[in-house]
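Before any comments, here is the structure.
The values are calculated or read from the model by the stated rules, or taken from the named source; none is laboratory data. Keep in mind that this is a model prediction, so the values were computed, not measured. Virtual Cβ from ideal backbone geometry, glycine too; neighbours counted across all protein chains shown.
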Amino acid sequence: MSAKASFIVVLVCVVLVAGSLLFSSENQGAAKPAASTAKSSALPEVWKSASTGKEYRVKVEGDRFAAEWVNIPPEAAKEGAYTRTECRRSGTRWIGTTRFSLPFPCPPPNGKLKMCPLILRFEVDFISPDRITGGGESLRGFECSTCEVKETAWRPFSWTPKSTDGKAVTSHK
């Protein structure tokens, strides 16, 4: 597999993980209370994933949570790639979906990249000025030729505010 195809596979997996973090019924054990008093103006605008390094522009307004991937690689952006998450408040969580369109590398004999629009579940279970956590579906099985999701798995995520030097801010609590 070429370096470009490997990069795209990794990119897709990361997006899928992020997408699945907002709509889980598997994390319903001892739910952490979501920071209901967190106002959009009190939260940083850009957040960085601890596991993927992806950066997301986040907005929380009333019962609505929205996130968009902002550091999409230029070659994927030229193809029209995007990742957008929208959730609504449900009790102590924000539950919704991530919609994305990404170039997926198809196996030989085609071997080309194919743009596939997908929707995966996503859930946020905690929001504070220094951390956003939750979970989401990630791809485990995928058919490139038809853009069909064969199997997903639930993956947790943790985002921290992006600092002005480009690194995630770490809390010392």
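Restricting to region 49-71, what's the tally of residues that are among the hydrophobic types (A, V, I, L, M, F, W, C), at pLDDT 95 or above and part of a loop (DSSP other than H, G, I, E, B)? Steps first, answer last, please.
Of all residues in region 49-71, those among the hydrophobic types (A, V, I, L, M, F, W, C) come to 50, 58, 60, 65-67, 69-70.
If we keep only those that are at pLDDT 95 or above too, we end up with 58, 60, 65-67, 69-70.
Now restrict to residues that are part of a loop (DSSP other than H, G, I, E, B): 70.
Residues flagged as among the hydrophobic types (A, V, I, L, M, F, W, C), at pLDDT 95 or above and part of a loop (DSSP other than H, G, I, E, B) within region 49-71 amount to 1.
On the stretch given as region 153-166, residues that are surrounded by 14 or more Cβ atoms within 10 Å (Cβ to Cβ) and of a type in the set (D, E, K, R) total 2. Restricted to strands (runs of 3 or more DSSP E) entirely inside region 98-173, those with at least 1 residues that are modelled with pLDDT of 95 or more and closer than 14 Å to Ser51 by Cα are 131-143, 148-161. Of note, Ala38 satisfies the criterion of being over 24 Å from Ala153 (Cα atoms) and either modelled with pLDDT under 95 or of a type in the set (A, V, I, L, M, F, W, C) (or both). Check region 85-97 and report whether any residue there is over 14 Å from Tyr56 (Cβ atoms) and part of a loop (DSSP other than H, G, I, E, B). Within region 85-97, one or more residues are over 14 Å from Tyr56 (Cβ atoms) and part of a loop (DSSP other than H, G, I, E, B). Residues of region 58-102 that are surrounded by 16 or more Cβ atoms within 10 Å (Cβ to Cβ), within 14 Å of Ile127 (Cα to Cα) and out of contact with any Lys or Arg (no Cβ under 9 Å at 6 or more places or on another chain): Val58, Arg93. Taking region 103-123 as the range and being over 12 Å from the mean Cα position of the chain (by Cα), of a type in the set (A, V, I, L, M) and crowded, with 16+ Cβ neighbours inside 10 Å as the test, the residues that pass are Leu113, Leu118.
Can we say Leu43 is at pLDDT below 95 and either under 15 Å from Phe157 (Cα atoms) or among the β-branched types (Val, Ile, Thr) (or both)?
Values: at pLDDT below 95: yes; either under 15 Å from Phe157 (Cα atoms) or among the β-branched types (Val, Ile, Thr) (or both): no.
So Leu43 does not fit the description; no.
Among the residues of region 63-79, is there at least one that is farther than 20 Å from Leu43 by Cβ, among the aromatic types (Phe, Trp, Tyr) and in contact (Cβ under 8 Å) with a residue 12 or more places away in the chain? No, that holds for no residue. Within region 124-139, being in contact with a helix residue (DSSP H, G or I) (Cβ under 9 Å, 6 or more places away or on another chain) and surrounded by fewer than 21 Cβ atoms within 10 Å (Cβ to Cβ) holds for one residue alone: Pro129. Applying the condition of being exposed (fewer than 14 other Cβ atoms within 10 Å of the Cβ) and not acidic (Asp, Glu) to region 140-152 and asking which residue is farthest from Gly96 (Cα to Cα) yields Ser145.
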